[in-house]
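The structure appears right after this line, and notes come after that.
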């Protein structure tokens, strides 16, 4: 009986040993699997953070370029406002000169009726009209100069807007690599 008990005990110990060996192997595989999952998760997190940092850098650069272009546009608009004010002043001056010229024409009509009576009055009115025309010509020349300056500013503005569009397209080019709709 003792032999049988020994064999039973040996069998129980063998089953227990095999069970513990299988348990240790399963725990080792579980630990390796957990380490692999941890490594992959770490890599995914690293690449995600790197991508977000790159995207943040691109967005910061885009905002910086946009702000600089907006300041340039603002400066051009301020300059254009100055030219528009000068043009407004010139238009007022032209309107006054036209009014003066209208008055001179009325006076000339009166003087035509009295031409035989007052030839010197007509001569004076002609000189006034000539002065008004010279003033009007000067104002028109000034207005033409302001129009040329305004055209130059609008050309610069078009260049800034085109440059801003180019920069926006260039900045968003890396985003086309991502598989977003």
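The values are calculated or read from the model by the stated rules, or taken from the named source; none is laboratory data. This one's a predicted model, so the numbers in the text were calculated from it and none came from an experiment. Every residue, glycine among them, receives a Cβ derived from its backbone with ideal geometry; neighbour counts consider all protein chains shown.
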**Fill in**
When restricted to 31, 5, the only residue on the phi < 0 side of the Ramachandran plot, surrounded by fewer than 10 Cβ atoms within 10 Å (Cβ to Cβ) and out of contact with any strand residue (DSSP E or B) (no Cβ under 8 Å at 6 or more places or on another chain) is 5
**Message:** Could you go through region 136-143 and let me know if any residue there is within 29 Å of the chain's Cα centre (by Cα), closer than 30 Å to residue 69 by Cα, touching a residue at least 40 places away in the same chain (Cβ under 8 Å) and assigned to a helix (DSSP H, G or I).
**Reply:** no
**Request:** Select from region 103-116 the residues that are closer than 18 Å to residue 131 by Cβ and modelled with pLDDT under 85 and list them in ascending order.
**Result:** 104, 105, 106, 107, 108, 111
**Asked** Can you find a residue in region 163-173 that is farther than 30 Å from residue 59 by Cβ and assigned to a helix (DSSP H, G or I)?
**Response** no
**Request:** Return yes or no: is residue 93 more than 30 Å from residue 54 (Cβ to Cβ), in contact with a helix residue (DSSP H, G or I) (Cβ under 8 Å, 6 or more places away or on another chain), in a helix (DSSP H, G or I) and at pLDDT below 80?
**Result:** no
